[in-house]
1. Look at ARG17 and say whether it is under 13 Å from the mean Cα position of the chain (by Cα) and in a helix (DSSP H, G or I).
2. Being over 23 Å from ARG77 (Cβ atoms) and surrounded by 12 or more Cβ atoms within 10 Å (Cβ to Cβ) is the filter; apply it to the range 20-46 and report the residue that is farthest from the chain's Cα centre (by Cα).
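Only the coordinates and a few stated rules stand behind these numbers; no lab work does. As the structure is a prediction and not an experimental result, all values here were calculated from the model. Every residue, glycine among them, receives a Cβ derived from its backbone with ideal geometry; neighbour counts consider all protein chains shown.
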Amino acid sequence: MLSRLRRIEGQARGVQRMVEERRDCAEIVHQLASIRAAAGSATRFLLKHYARECWVDAATTDATAKPLEDLIELMFRSSP
């Protein structure tokens, strides 16, 4: 998770430099879209971890955890 967050942080710093350097707006928007995708991926990863490790009782089987992970995937596919 930390590596994902560090990657996002690096991307955000890169965008800051691009703005300071007055780079092309299309390039900046492209990088912002990459940050948004990375943040979505990190959120999905964390929610899956939460579903598996924090929310599902230790006695619950993987067969129960899988539908929760599938629900998380479905939620992200339907969001903008």
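1. Spelling it out, it is not the case that ARG17 is under 13 Å from the mean Cα position of the chain (by Cα) and in a helix (DSSP H, G or I).
2. ARG23
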